[in-house]
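This report concerns only the one structure given below.
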């Protein structure tokens, strides 16, 4: 790839009950509605591929779940790098779980020694959605980002989203928002100080949220008690208008490197095209030297001919780098790392620390 750029514990069991107890595969997950939806998808795929094996969900609360008031833009020194992943990884290392289910955009590029990314599931729609509160019978912003009122307040804890929104709409104001997806939607529906928020469409879809006429969002059974159903609406943003986070809309399975039994399960459910894409995006992030909360976006796609194309944007203070490139999908990780280094050098950052020279 030749990059081009420019500045500017609960459990659920499934399977054959006659299987020996030693054959059980324990799948670690967070306990939010979205995390459970993703984990149940993984469990079903694994059980379908290995119908004579037992699979069990193990629910684990992470630091990110416990510290709901923590700032994502200005994290405290005592916050771990893997805010939503560390405790799941500890369970893997200590043998309390065999697989961990992650939203890949939350998983740091550097994994603990002895662990690896065993599989990625087929990727969902990578686009973000602009969610606004209903005003009477209409949406406050029915058509998109440019229809938001001047000086509107957008609630998001994503530095990536803030940087891209500022580039498109310098007049917008931003406030942080925490909580799971239903909680954020409820906060928007009830607030008169927030005009909009930005969410990943993949997460809403996996929760079973429906987008009806006029973009109105309605909750599925089980989520309709949050008080937002029918009171907010969403419009899909172009992936080029709002470039996604590395790994966005992809589900990853982390496991122990030396566990041949579980690695076989991973191979059975792995989706090669998604793996190539997320490897390129995560390698770009690693090559640049940023973390999963840095204002960095990357999006890779594979063509029918096996060519991988990668677009990325990085914001560093008042500077921005945007670039693209393409090359063989089989060399996606190497290409992503090279492109990340190109971006870092273009912005005048040191190779070792990522800090300005």
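I'm trying to understand the selection: among the residues of segment 155-193, which are under 26 Å from residue 221 (Cβ atoms) and either touching a strand residue (DSSP E or B) at 6+ places or on another chain (Cβ under 8 Å) or buried (at least 21 other Cβ atoms within 10 Å of the Cβ) (or both)? Even if it seems obvious, please write down each step before you answer.
Restricting attention to segment 155-193, the residues satisfying the condition of being under 26 Å from residue 221 (Cβ atoms) are 177-191.
Within segment 155-193, 177, 181, 182, 184, 185, 187, 188, 189, 191 qualify.
Restricting attention to segment 41-65, report how many residues are within 23 Å of residue 87 (Cα to Cα) and not in a loop (DSSP other than H, G, I, E, B).
Selection size over segment 41-65: 12.
Determine whether segment 92-105 contains at least one residue that is buried (at least 21 other Cβ atoms within 10 Å of the Cβ), more than 30 Å from residue 276 (Cα to Cα), modelled with pLDDT of 95 or more and under 17 Å from the mean Cα position of the chain (by Cα). Give the derivation first.
So in segment 92-105, the residues buried (at least 21 other Cβ atoms within 10 Å of the Cβ) come out as 92, 97-105.
Filter again for more than 30 Å from residue 276 (Cα to Cα), leaving none.
No: zero hits.
Name the residues in segment 121-140 that are at pLDDT 95 or above and more than 27 Å from residue 164 (Cα to Cα), would you?
The answer is 121, and nothing else.
When you go through (1) closer than 30 Å to residue 23 by Cβ; (2) more than 16 Å from the chain's Cα centre (by Cα) one by one for residue 186, which number turns out not to apply?
Single failed check for residue 186: (1).
Here is a list of conditions, (1) out of contact with any helix residue (DSSP H, G or I) (no Cβ under 9 Å at 6 or more places or on another chain); (2) modelled with pLDDT of 95 or more; (3) surrounded by 21 or more Cβ atoms within 10 Å (Cβ to Cβ), and residue 148 meets all of them except one; can you say which number that is?
So the condition that residue 148 fails would be (2).
With respect to residue 157, determine if the residue is under 22 Å from residue 290 (Cα atoms) and out of contact with any helix residue (DSSP H, G or I) (no Cβ under 9 Å at 6 or more places or on another chain). Lay out the reasoning, then the answer.
On the way: under 22 Å from residue 290 (Cα atoms): yes; out of contact with any helix residue (DSSP H, G or I) (no Cβ under 9 Å at 6 or more places or on another chain): yes.
For residue 157, the condition - under 22 Å from residue 290 (Cα atoms) and out of contact with any helix residue (DSSP H, G or I) (no Cβ under 9 Å at 6 or more places or on another chain) - is met.
Taking residue 196, is it over 17 Å from the mean Cα position of the chain (by Cα) and either closer than 22 Å to residue 290 by Cβ or buried (at least 21 other Cβ atoms within 10 Å of the Cβ) (or both)? Write out each step before concluding.
Details: over 17 Å from the mean Cα position of the chain (by Cα): yes; either closer than 22 Å to residue 290 by Cβ or buried (at least 21 other Cβ atoms within 10 Å of the Cβ) (or both): yes.
Taking the combined requirement at face value, the residue satisfies it.
State yes or no: is residue 125 within 22 Å of the chain's Cα centre (by Cα), in a loop (DSSP other than H, G, I, E, B) and on the phi < 0 side of the Ramachandran plot? Show your work before the answer.
On the way: within 22 Å of the chain's Cα centre (by Cα): yes; in a loop (DSSP other than H, G, I, E, B): yes; on the phi < 0 side of the Ramachandran plot: yes.
The answer is yes for residue 125.
I need a count of the residues in segment 259-303 that are in a helix (DSSP H, G or I), within 18 Å of the chain's Cα centre (by Cα) and surrounded by 20 or more Cβ atoms within 10 Å (Cβ to Cβ). Working first, answer last.
At the first step, the residues of segment 259-303 found to be in a helix (DSSP H, G or I) are 260-269, 272-288.
Add one more test, that the residue is within 18 Å of the chain's Cα centre (by Cα), and what stays is 273-286.
Keeping just the survivors that are surrounded by 20 or more Cβ atoms within 10 Å (Cβ to Cβ) gives 274-285.
Of the residues in that region, 12 qualify.
The values are calculated or read from the model by the stated rules, or taken from the named source; none is laboratory data. Quick caveat: nothing in here was measured; it's all calculated off a predicted structure. Counting neighbours? That spans all protein chains shown, and the Cβs are built from the backbone with ideal geometry, glycine included.
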